[in-house]
Amino acid sequence: MRILVVGGGGREHAIAAALGRNTKTEIFSVMAKRNPGIDLLARKVHLCRETDVKNVISFAQEAGVEYAFIGPEAPLEAGIVDALGSAGIPCIGPTKAAARLETDKAFCREMMDRNHLDGCPMYRVFHSAVDAVDFIEGYDGDLVVKPIGLTGGKGVRIMGEQVDRAGAIAYTRSLNGDVVLEERLLGEEFTLQAFVDGNHLVPMPLVQDHKRAFEGDTGPNTGGMGSYSMPDHMLPFVQESDYRRALAIMQSVVVAMERTGSPYKGILYGQFMNTAHGPKVIEFNARFGDPEAMNVLSLLSSDLSEIVCRIVEGALALSHISFDPLATVCKYIVPEGYPDTPHAGNPITLPADPRALLYYANIERNPSGSLVTQTSRTLAYVGTGETLEEAERNAEQAASRVGGSVRYRRDIGTRALLDRRIAHMKELR
Ligand code: GLY
């Protein structure tokens, strides 16, 4: 089977590695910069912008691929799934219309509202700076300011955490008032990802990501510094009833999208805040999370190529998909200075015998063969183990031996951080 993987980050390396576990699958790749990990797995690589839909299609046709797996959100917004579909190449990824769940924050909330979906926070959509600022000034409490369109995961400003009321107003003005304003949710975040075939949804293990740049959840927001999952595929601060509610919300999204004429196929990513009153939806993404893809795909014991076929055929069932009962800890290595002033172009060295899986992200191999940092996250190590402690040890051992002008968060996946999450949740309930 020939499958095209679109995208060149850590997430796409994990997708390609999972597809490649089927020795009959041939991987083709489109990415903007040559990811050394995907490069090794792919039969052929085409370097171009992932949003250059015409270019991607002509490569896909030339390569004779049968399916395409779309990693990032930008090509989804550019309509790559619709265009590849018209060219006879079915995709893992939603159409442009269905991807609005992620690409248009106003659409997402209005869809939830119209369909009376559980877990929708109080929100208002604005297209005028004057009206939005009036609302912020008159609101008694903290708000979250979300630009309506895509921002690469870095566009949200939270009052009381990142900005004060004056900062929220200034930010809203800078966006010309094209924003969704939402009540600030307090609790613990978790990610629930699922395979979706238009009607059926099969969930993956729960994961918790870490957005902040520095240890102790301090510093600026990043694309995500790392993530962990537990051997039972749950999280200790998420009760069974919270999980069932979050899953029901995801299922009701699939039903609503089908009913409204934009059936959803691909990976659905739900980011939830577990609050004192149960899970609320922070946002949906129309793709795997990065880093969360690396946790769940490292555990996937079923054949991802087979899952691709089933999603396309609309024949997905729980019995087709299983994950190893292990913990995972993913630690992203990033350039010094990331995210504000990243040191790019610095050589790095990797441990010879890491006890963890390695996923390359924003890194290049220069003509002399050495690996050099770029401006974004460099690479990730995923440790697995019977316990969280073992998984963390394996990830930490590998991460601590990377040489060069890079850093990572040592606290991700540690018992101390997990205990803080559990205590925080107890305090709220
Ligand atoms: N980990 C957050 C995201 O992929 O958007």
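The values are calculated or read from the model by the stated rules, or taken from the named source; none is laboratory data. Because the structure is a prediction, the values reported are computed rather than measured. Every residue, glycine as well, gets a Cβ built from its backbone with ideal geometry; the counts of neighbours run over all protein chains shown. Heads up: the accessible areas ignore ligands, DNA and RNA and are worked out on the full protein's heavy atoms, side chains in. Shrake-Rupley method; radii C 1.70, N 1.55, O 1.52, S 1.80 Å.
Structure notes:
- Of the strands (runs of 3 or more DSSP E) lying entirely inside the stretch 180-261, those containing at least 2 residues that are open to solvent by less than 10 Å² (accessible area, probe 1.4 Å) and touching a helix residue (DSSP H, G or I) at 6+ places or on another chain (Cβ under 8 Å) are 188-197, 226-229.
- Considering 131, 82, 104, the condition of being within 16 Å of the ligand (Cβ to nearest atom), at pLDDT 95 or above and open to solvent by 10 Å² or more (accessible area, probe 1.4 Å) is satisfied by 104 alone.
- Residues of the stretch 305-334 satisfying the condition of being closer than 20 Å to residue 207 by Cβ, of a type in the set (Val, Ile, Thr) and touching a Lys or Arg at 6+ places or on another chain (Cβ under 8 Å): 333, 334
- Residue within the stretch 113-122 that is in contact with a helix residue (DSSP H, G or I) (Cβ under 8 Å, 6 or more places away or on another chain), assigned to a loop (DSSP other than H, G, I, E, B) and of a type in the set (D, E, K, R) present: yes
- Within the stretch 389-429, being touching a residue at least 12 places away in the same chain (Cβ under 8 Å) and among the polar types (S, T, N, Q) holds for 394, 397, 405, 414.
- In the stretch 1-11, of all residues being open to solvent by less than 10 Å² (accessible area, probe 1.4 Å) and touching a Phe, Trp or Tyr at 6+ places or on another chain (Cβ under 8 Å), the one that is farthest from residue 46 (Cα to Cα) corresponds to 10.
- Some residue of the stretch 242-254 being of a type in the set (D, E, K, R), more than 13 Å from the chain's Cα centre (by Cα), within 16 Å of the ligand (Cβ to nearest atom) and farther than 17 Å from residue 101 by Cβ: no
- Every residue from the stretch 221-235 that is within 15 Å of the ligand (Cβ to nearest atom) and of a type outside the set (A, V, I, L, M): 221, 222, 223, 224, 226, 227, 228, 229
- Subset of the stretch 391-429 (residues that are surrounded by 15 or more Cβ atoms within 10 Å (Cβ to Cβ), touching a strand residue (DSSP E or B) at 6+ places or on another chain (Cβ under 7 Å) and not in a helix (DSSP H, G or I)): 402, 404, 405, 406, 407, 408, 409, 412, 413
- Breaking point among (1) open to solvent by 30 Å² or more (accessible area, probe 1.4 Å); (2) of a type in the set (Asp, Glu); (3) in a loop (DSSP other than H, G, I, E, B), for residue 364: (3)
- Being assigned to a loop (DSSP other than H, G, I, E, B), within 16 Å of the ligand (Cβ to nearest atom) and not aromatic (Phe, Trp, Tyr) is a description that applies to residue 339.
- Condition check for residue 327: of a type in the set (A, V, I, L, M, F, W, C), open to solvent by 20 Å² or more (accessible area, probe 1.4 Å) and farther than 22 Å from residue 8 by Cβ: no
- Counting only residues that are within 16 Å of the ligand (Cβ to nearest atom), surrounded by fewer than 22 Cβ atoms within 10 Å (Cβ to Cβ) and aliphatic (A, V, I, L, M), the stretch 262-305 holds 2 of them.
- Applying a threshold of 6 Å to beta carbon distances and a minimum spacing of six or more residues, or different chains, the list of pairs starting in the stretch 47-66 at a residue that is assigned to a loop (DSSP other than H, G, I, E, B) and ending at one that is of a type in the set (Val, Ile, Thr) and modelled with pLDDT of 95 or more reads 50/6.
- Test: residue 281 is in a loop (DSSP other than H, G, I, E, B), in contact with a Phe, Trp or Tyr (Cβ under 7 Å, 6 or more places away or on another chain) and farther than 29 Å from residue 25 by Cα: no
- Residue in the stretch 288-296 that is polar (S, T, N, Q), at pLDDT 95 or above, under 30 Å from residue 428 (Cβ atoms) and outside any strand (DSSP E or B) present: yes
- Criterion (under 23 Å from residue 223 (Cα atoms), open to solvent by 10 Å² or more (accessible area, probe 1.4 Å) and over 19 Å from the mean Cα position of the chain (by Cα)) met by exactly one of 34, 21: 34
- Residue in the stretch 110-125 that is of a type in the set (A, V, I, L, M) and open to solvent by less than 10 Å² (accessible area, probe 1.4 Å) present: yes
- If you go through the stretch 134-179 and keep only what is under 17 Å from residue 222 (Cα atoms), in contact with a strand residue (DSSP E or B) (Cβ under 8 Å, 6 or more places away or on another chain), open to solvent by 30 Å² or more (accessible area, probe 1.4 Å) and charged (D, E, K, R), you end up with 154, 157.
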